[in-house]
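Q: Structure provided below as structure tokens; questions to follow.
Please treat every number below as a calculation from the coordinates, not as lab data. Since the model is a prediction, treat every value here as computed from it, not as a measurement. For neighbour counting, all protein chains shown are included, and Cβ atoms are generated from backbone atoms with ideal geometry for every residue, glycine included.
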Amino acid sequence: MIQAAETTSDGRVKNFRVHDLFREIITSKIRDQNFATIVKEQSVPWPDKIRRLSMHNSLQYVEKNRCASQLRSLFMFRLAEKPLLQTLFPGGFRLLNVLDLQSAPLSVFPVEVVNLFFLKYLSLKDTRVKTIPSFIGKLQNLETLDLKHSLVTELPAEILKLKHLRHLLVYRYEFIPYGDFHSKYGFKLRRLGIVQMRKEDGKVLCSSIEKLSKLCALSITSVEEDEIIDLQHLSSPPLLLQRLYLRGRLDTLPHWIPSLHSLVRLYLKWSRLKDDPLLFLQYLPNLVHLELSQVEMGAMPCVEKLSIQRCKSLEKVPSGIEHLNKLKVLEFFEMPEKLIKTLRPQEEGSDYWKVAHIPEVYFTYWRDCGWEVYPLEGLNEGENFLQTSSVMKNHELKLVGSSSLNGLEFHVW
């Protein structure tokens with residue numbers, strides 16, 4: 001029923017979806033069986049019994065002194081007012097299982113929660129709450145506590161009394177001097193992002209990164225595009241690193257990257273590398289996704305598949321593609337039609353010669369709730385150059401990808 005709509009190159013699910021047919025059935029059932037009540041920016045009559053209540057934007061349309069003794073789930077989205085639960089529902093809702101107060105204007109933990117013995121899910125994500133009271137230990141049925149991006153920095157010892165707790169989410173992004181971040185967070189970090197990086201701080205940063213043995217994702221952005229990111233001082237990189245993002249100039253590819261056998265995704269922007277990075281990267285056993293923002297002419301002779309996606313200002317095929325002699329597949333996703341026209345062989349000043357050596361060239365557009373794929377040989381003359389008779393649907397696109405991709409996948413954004 002629930003499908004994975006989008007996944008990352010390392011297999012993580014980003015978005016889910018429900019099939020259109022199931023969505024219609026679900027919507028119909030919700031309406032017929034009074035499954036949920038939604039309160040938005042208009043006054044609508046409430047049903048006699050409410051089990052699941054979702055309130056959006058404002059509390060002004062909430063019915064006063066309403067009995068909520070049967071309420072099981074309460075969601076609040078983008079509220080402008082502070083949600084005073086005792087005032088909204090004086091009779092309480094002792095049977096509540098789910099309470100989602102994400103982004104609510106709260107600075108203090110709501111004391112009414114202490115009476116919700118059956119509560120399984122509690123979210124205070126993106127609130128200003130700083131402390132969690134000790135009576136949290138009374139919520140013996142709590143399974144999920146979401147405190148992401150709140151101001152909570154310490155948990156009470158009573159949290160250990162929650163025997164059914166399965167998901168405890170407590171983190172937020174914080175900008176601190178990268179020269180001493182390891183002294184504060186030590187070996188716990190799994191993901192780290194550094195911005196405003198300067199060349200002279202490279203040695204100090206490398207010393208800190210070496211202490212993060214459990215690091216899985218690292219992102220470094222230089223203070224400006226021409227600033228060099230100096231990471232050559234890193235002698236013992238985190239071997240569990242799976243995702244590496246470097247935005248800045250590199251004199252050479254950091255010598256330790258080829259030793260990252262767990263690396264799945266590598267992103268290099270503004271690097272201006274003179275040497276072919278694939279000479280060093282081709283032996284990484286788990287690398288499945290490589291993105292480079294600039295391609296020098298004649299570089300990367302091992303690339304077999306090239307995808308250029310959503311570059312709205314790109315009007316011509318990038319120079320240098322004609323030198324990628326082993327390129328087997330060239331894909332253009334959601335690119336301007338002006339660029340596509342330049343690849344028609346009969347067009348004056350055509351760039352067709354740049355891609356003539358590539359066996360498979362496709363143009364893909366999202367239309368009518370599906371991907372439509374046009375092969376290069378199907379380009380027509382005239383204004384309607386995307387010939388519908390040559391279009392392939394999204395299920396055929398999967399076959400193209402699986403049959404042609406035998407090497408490292410390379411993306412240009």
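Q: Mind checking which lysines have their Cα closer than 28 Å to the Cα of residue 120? Skip sequence neighbours fewer than 8 apart in that chain.
A: Correct list for residue 120: 14, 29, 40, 49, 64, 82, 130, 138, 148, 161, 163, 188.
Q: Let me ask you something else. Only sites in a loop by DSSP and with at most 11 other Cβ atoms within 10 Å count here; which chymotrypsin sites (Phe, Trp or Tyr not before Pro) in segment 95-173 make the cut?
A: In loop regions of segment 95-173 (DSSP not H, G, I, E or B), the sparsely surrounded chymotrypsin sites (Phe, Trp or Tyr not before Pro) are 173.
Q: I need the chymotrypsin sites (Phe, Trp or Tyr not before Pro) found in segment 50-80, filtered to DSSP loop residues with at most 16 other beta carbons within 10 Å of theirs.
A: Those that pass, being in a loop and sparsely packed, are 61.
Q: Continuing with this model, one more query. Got a sec to turn the phi values of segment 370-378 into Karplus ³J(HN,Hα) couplings, 6.51 cos²θ - 1.76 cosθ + 1.60 with θ = phi - 60°, whole Hz, x for Gly and Pro?
A: x, 7, 10, 10, 10, x, 4, 5, x
Q: Give me the lysines in straight-line cross-link reach of residue 354: C-alpha distance below 28 Å, same-chain residues under 8 apart excluded.
A: Counting by Cα, and skipping residues close in sequence, residue 354 has these lysines nearby: 269, 274, 305, 312, 316, 326, 328, 338, 341, 393, 398.
Q: Would you mind putting 342-353, 100-111 in packing order, based on average other-beta-carbon counts within 10 Å, highest first?
A: Result, highest mean first: 100-111, 342-353.
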